[in-house]
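Report on one structure; see the data block that follows.
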Amino acid sequence: MSGAVRRALLEGSEAIVEAAVGAGCRFFAGYPMTPFTELLEHFSRRLPEVGGVCMNAESELEAVGMAWGAVAAGARAATGSTGQGLSLMEEALSEITLAELPLVTFLMARGQQDYHQATRGLGHGDTRHVVLAPVDVHEAVAHTRSAFEIADAWRHPVMIYGDYLLAHTRESVTLPTEPAVVPDRPWAVDGTLGGTGRSRLISPLGFAKAGQHSPGIEAHQRAIAAKQERIAAAEARADVGACDDAETIVVAYGTPARFVRAAVAELRRGGHRIGWFRPVTLWPFPGDALADAAGRARRVLCFELSAGQLVDDVRLAVLGAAPVVPIGGISTDSSGFGVGRLLDTEVVATRILAAHRDEPLPPLPDSGGLP
Amino acid sequence: MTGTSPPADVRRIGVAVPELLLTGAHHMCPGCGEPLAVRGFLEAIQALGVARRTIAVAGIGCYTSFSMTTDVDLVQALHGRAPSVATGIKRVRPDALVYTLQGDGDMVNEGLQEVLHTAARGERITCILLNNGVFGETGGHMTATTVPGQRTKNTLEGRDPTVHGHPILIGDLIARLDGAAYVARGSVHTPGAVARTTRMFRRAFETQLSGSGFSFVEVVTMCPTGWFVPTLDGPTYLHDTLGAVHVMGELKVDGRVRSTEELRAENARAEADAARRLAAGGLDEVP
Ligand code: SF4
């Protein structure tokens with residue numbers, strides 16, 4: 001980050017909202033749901049202060065619809081929810097992709113069980129959102145600005161995959177104070193072209209106004225697919241540590257990757273040749289970088305707080321070059337927000353070491369029932 | 001009236017494509033009422049001189065083909081979801097005239113929650129409903145506004161309220177919400193009804209531009225294809241079936257809600273007056 005900055009101690013949700021406002025986001029719509037709620041609260045306080053609008057939508061269906069309209073009208077706009085709320089938004093999120101609208105969506109997930117949802121297209125059709133998965137609040141701030149920039153650069157929706165820990169942890173963050181450069185959007189509807197014969201149509205269907213070039217559904221969908229291939233080639237990002245001489249590589253994303261990083265550092269200090277690999281973008285998945293790192297390793301471990309979703313992409317990247325061993329699992333406390341006993345550096349280290357030694361994994365820790 | 005060609009006494013008085021249509025060609029069936037309604041609101045926009053600040057949001061139905069030929073900036077929405085999209089647009093561009101175009105399947109089935117909340121919020125947009133009581137595009141299936149007795153492909157013996165429930169009178173429902181400033185139900189089954197409906201559009205848009213709240217125009221339109229009636233029977237069928245349940249008139253003006261009985265009485269008076277004037281040999285404009 002260059003130029004003027006401001007340091008502040010902020011809760012993740014508030015930091016993200018500050019970053020979004022700094023990135024020029026002027027419209028947000030959402031419906032409360034833990035752990036997404038604070039994002040909505042901060043937007044509803046902050047956006048009116050900068051001349052923006054935050055809508056308390058009647059449901060997630062309206063939230064995504066409102067954001068769709070705001071982006072189409074030319075605003076930098078965002079929406080968000082948990083995975084459950086995103087399930088309700090999926091029809092629109094697919095069509096927004098086909099309409100080539102640069103929407104940003106904040107998925108504040110209840111853990112890591114929404115990986116497939118986020119990376120497998122969010123609904124129907126051949127569509128994918130770019131998905132960024134910040135490891136901490138500091139990175140979430142950077143990702144939030146990138147999300148709006150990537151969305152504009154490709155006219156394609158971008159999602160941030162956060163969670164309970166990211167939303168609620170307070171960290172000292174550096175916020176850029178340089179105003180964002182919001183590019184011109186000649187495609188946006190501003191109402192000024194009515195009656196001129198050049199009026200605009202924003203449609204997911206590949207149709208254009210009579211007299212203008214209309215690709216039709218097939219050519220339009222092929223063009224979106226080709227654009228997604230270009231995005232996949234250009235935007236994949238990974239964070240790799242200590243993999244050069246590693247016999248074992250541990251793959252993890254999002255806030256749990258922070259625990260993996262700490263566990264690996266601890267094991268390294270104990271003389272074990274273990275490294276870590278963190279996909280920063282979940283889609284596009286940094287498969288080439290992982291294949292490269294895995295080519296020198298004896299085994300690839302996959303730590304995620306789910307029954308096994310990330311592991312699909314890990315296997316596809318490694319393609320049998322090394323055995324892939326899942327070492328995570330479903331882990332949540334009675335709140336259901338994904339913060340179970342598995343999320344503990346010592347527990348993680350124990351599981352990594354067992355797998356590193358090709359020993360059986362200890363049983364998953366029990367997070368207990370209702371308090 | 002039955003048959004496939006216009007009656008011999010029909011006179012063609014000229015072809016007039018509204019200025020805000022890029023072409024007069026359309027994909028609608030013969031006898032469809034939707035193009036008449038589209039003409040009505042496009043002429044109202046033209047008359048108000050606001051074409052260069054208008055943004056439309058279209059739902060999904062037969063009328064969607066007008067998304068390509070309407071010469072105003074337009075966002076194509078999902079089935080049922082136009083009011084929320086229009087809300088986002090209006091909040092970003094408060095000076096624009098923003099309207100949605102939806103059918104009864106779109107608005108009253110799939111998207112009922114959207115339109116009700118948008119009205120209750122007093123969103124300064126205009127929602128236009130083309131109500132023919134049937135899913136025309138899928139080939140004639142029951143919607144939430146299908147009237148009792150109406151035959152559709154999934155109510156072959158006619159809609160039976162004890163089995164299929166009762167129709168939703170959406171205009172009446174919206175009129176009772178505080179955020180709704182102007183609510184009207186027009187029709188396109190007679191030239192007079194078309195003229196009256198065009199005036200309703202104008203008042204609805206004026207309401208929006210004055211900033212006084214949500215405005216709503218429902219237009220009962222012919223769908224001979226989805227009703228399974230001969231093309232020329234469309235207007236009569238509309239009058240006798242849908243029109244008898246979804247009664248034409250202004251349902252809310254200046255904060256006053258008007259009952260169906262009031263509208264029925266007003267329409268009966270107007271029809272009697274028209275008949276009287278017609279019998280006396282002159283009729284400038286059917287009310
Ligand atoms: S099916 Fe009905 S609504 Fe659709 S174009 Fe034909 S007549 Fe019109």
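Of everything listed in (1) in contact with a Leu (Cβ under 9 Å, 6 or more places away or on another chain); (2) buried (at least 24 other Cβ atoms within 10 Å of the Cβ); (3) at the interface with chain A (Cβ under 10 Å from one of its Cβ atoms); (4) outside any loop (DSSP other than H, G, I, E, B), the single unmet condition for residue B:98 is (1). For residue A:254, the conditions (1) more than 22 Å from residue A:69 (Cβ to Cβ); (2) modelled with pLDDT under 95; (3) more than 14 Å from chain B (Cβ to nearest Cβ) all hold with the exception of (2).
Determine, yes or no, whether residue A:200 is within 29 Å of residue B:98 (Cα to Cα) and within 14 Å of chain B (Cβ to nearest Cβ).
yes
When residue A:30 is tested against (1) in contact with a Leu (Cβ under 6 Å, 6 or more places away or on another chain); (2) more than 9 Å from chain B (Cβ to nearest Cβ); (3) open to solvent by 30 Å² or more (accessible area, probe 1.4 Å), only condition (3) is not met.
Quick test for you: out of B:254, B:240, B:233, B:273, pick the one residue that is more than 16 Å from the chain's Cα centre (by Cα) and within 16 Å of the ligand (Cβ to nearest atom). Going through B:254, B:240, B:233, B:273 in turn, just one is more than 16 Å from the chain's Cα centre (by Cα) and within 16 Å of the ligand (Cβ to nearest atom): B:233.
Kindly state which strands (runs of 3 or more DSSP E) lie completely within the stretch A:25-83 and contain at least 3 residues that are assigned by TED's automatic domain parsing to the domain that holds residue A:339.
On the way: elements: A:25-30, A:53-56, A:76-81.
Passing ranges: none, list empty.
Evaluate the stretch A:144-161: report whether one residue or more is open to solvent by 10 Å² or more (accessible area, probe 1.4 Å), under 23 Å from residue B:93 (Cβ atoms) and more than 14 Å from chain B (Cβ to nearest Cβ). Within the stretch A:144-161, one or more residues are open to solvent by 10 Å² or more (accessible area, probe 1.4 Å), under 23 Å from residue B:93 (Cβ atoms) and more than 14 Å from chain B (Cβ to nearest Cβ). The one condition from (1) surrounded by fewer than 19 Cβ atoms within 10 Å (Cβ to Cβ); (2) closer than 26 Å to residue A:339 by Cα that residue A:50 does not meet is (2). Evaluated against (1) open to solvent by 30 Å² or more (accessible area, probe 1.4 Å); (2) within 13 Å of chain B (Cβ to nearest Cβ); (3) touching a residue at least 24 places away in the same chain (Cβ under 8 Å), residue A:38 falls short on exactly one condition, (2). Within the stretch B:89-145, the only residue that satisfies the criterion of being among the β-branched types (Val, Ile, Thr) and modelled with pLDDT under 95 is B:138. For the stretch B:51-74, a tally of residues being at the interface with chain A (Cβ under 8 Å from one of its Cβ atoms), open to solvent by 10 Å² or more (accessible area, probe 1.4 Å) and either without any contact (Cβ under 8 Å) to a residue 24 or more places away in the chain or among the aliphatic types (A, V, I, L, M) (or both) returns 3.
Take residue A:288 and tell me if it is part of a helix (DSSP H, G or I) and among the acidic types (Asp, Glu).
Values: part of a helix (DSSP H, G or I): yes; among the acidic types (Asp, Glu): yes.
Yes: the conditions hold for residue A:288.
Against the condition surrounded by fewer than 24 Cβ atoms within 10 Å (Cβ to Cβ), more than 7 Å from every other protein chain (Cβ to nearest Cβ) and modelled with pLDDT of 95 or more, how does residue B:42 come out, does it pass? Write out each step before concluding.
On the way: surrounded by fewer than 24 Cβ atoms within 10 Å (Cβ to Cβ): no; more than 7 Å from every other protein chain (Cβ to nearest Cβ): yes; modelled with pLDDT of 95 or more: yes.
No: the conditions fail for residue B:42.
Restricting the search to helices (runs of 4 or more DSSP H) fully inside the stretch B:130-216 and requiring at least 2 residues that are more than 27 Å from residue B:39 (Cα to Cα) and more than 16 Å from the ligand (Cβ to nearest atom) gives B:161-164.
Going through the stretch B:24-39 one residue at a time, which ones are open to solvent by 40 Å² or more (accessible area, probe 1.4 Å) and either among the charged types (D, E, K, R) or away from the ligand (no atom under 11 Å from the Cβ) (or both)? Don't jump to the end; show me each part of the working.
As a first pass, look at the stretch B:24-39 and keep what is open to solvent by 40 Å² or more (accessible area, probe 1.4 Å): B:24-27, B:29-30, B:36, B:39.
B:24, B:25, B:39, listed by residue number.
The values are calculated or read from the model by the stated rules, or taken from the named source; none is laboratory data. Not measured: the values here are computed from a predicted model. Here Cβ is always computed from backbone atoms with ideal geometry, including for glycine, and neighbour counts include all displayed protein chains. Note: areas computed on protein heavy atoms with side chains; ligands, DNA, RNA excluded. Shrake-Rupley method; radii C 1.70, N 1.55, O 1.52, S 1.80 Å.
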